[in-house]
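Below is one structure, written out as structure tokens, with a few remarks after it.
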């Protein structure tokens with residue numbers, strides 16, 4: 001935002017993105033500690049990452065057009 005005016009994030013946007021990253025890291029840590037089977041661990045972490053990316057895309061551009069993104 002200091003380089004260009006095309007990006008206009010409010011402090012609330014930074015809080016939301018930080019929260020998403022913290023919850024993702026806590027989820028990955030939880031799965032890593034609780035799951036012993038490598039195949040299941042990779043599957044669960046992959047699911048967490050996909051959920052994170054879908055929420056991120058919805059908040060960024062309104063991918064699904066839900067009121068969650070402000071559409």
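The values are calculated or read from the model by the stated rules, or taken from the named source; none is laboratory data. Since the model is a prediction, treat every value here as computed from it, not as a measurement. Using ideal geometry, Cβ is built from the backbone for each residue, glycine included, and neighbour counts are taken over all protein chains shown.
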What number of residues within region 10-21 are assigned to a loop (DSSP other than H, G, I, E, B) and either in contact (Cβ under 8 Å) with a residue 60 or more places away in the chain or closer than 11 Å to residue 60 by Cβ (or both)?
-> 0
Determine the pairs where a residue that is surrounded by 12 or more Cβ atoms within 10 Å (Cβ to Cβ), located within region 50-68, has a partner that is assigned to a helix (DSSP H, G or I) and modelled with pLDDT of 80 or more with Cβ atoms under 6 Å apart, the partner being 6 or more residues away or on another chain.
-> 52/24; 63/57
Go through region 31-40 and count every residue that is surrounded by fewer than 16 Cβ atoms within 10 Å (Cβ to Cβ) and either assigned to a helix (DSSP H, G or I) or touching a strand residue (DSSP E or B) at 6+ places or on another chain (Cβ under 6 Å) (or both).
-> 6
Please identify the pairs in which a residue from region 28-41 that is in contact (Cβ under 8 Å) with a residue 60 or more places away in the chain has its Cβ atom under 8 Å from the Cβ atom of a residue that is assigned to a helix (DSSP H, G or I) and surrounded by 11 or more Cβ atoms within 10 Å (Cβ to Cβ), counting only partners at least 6 apart or on another chain.
-> none
Can residue 28 be described as modelled with pLDDT of 95 or more and either in a helix (DSSP H, G or I) or under 17 Å from the mean Cα position of the chain (by Cα) (or both)?
-> yes
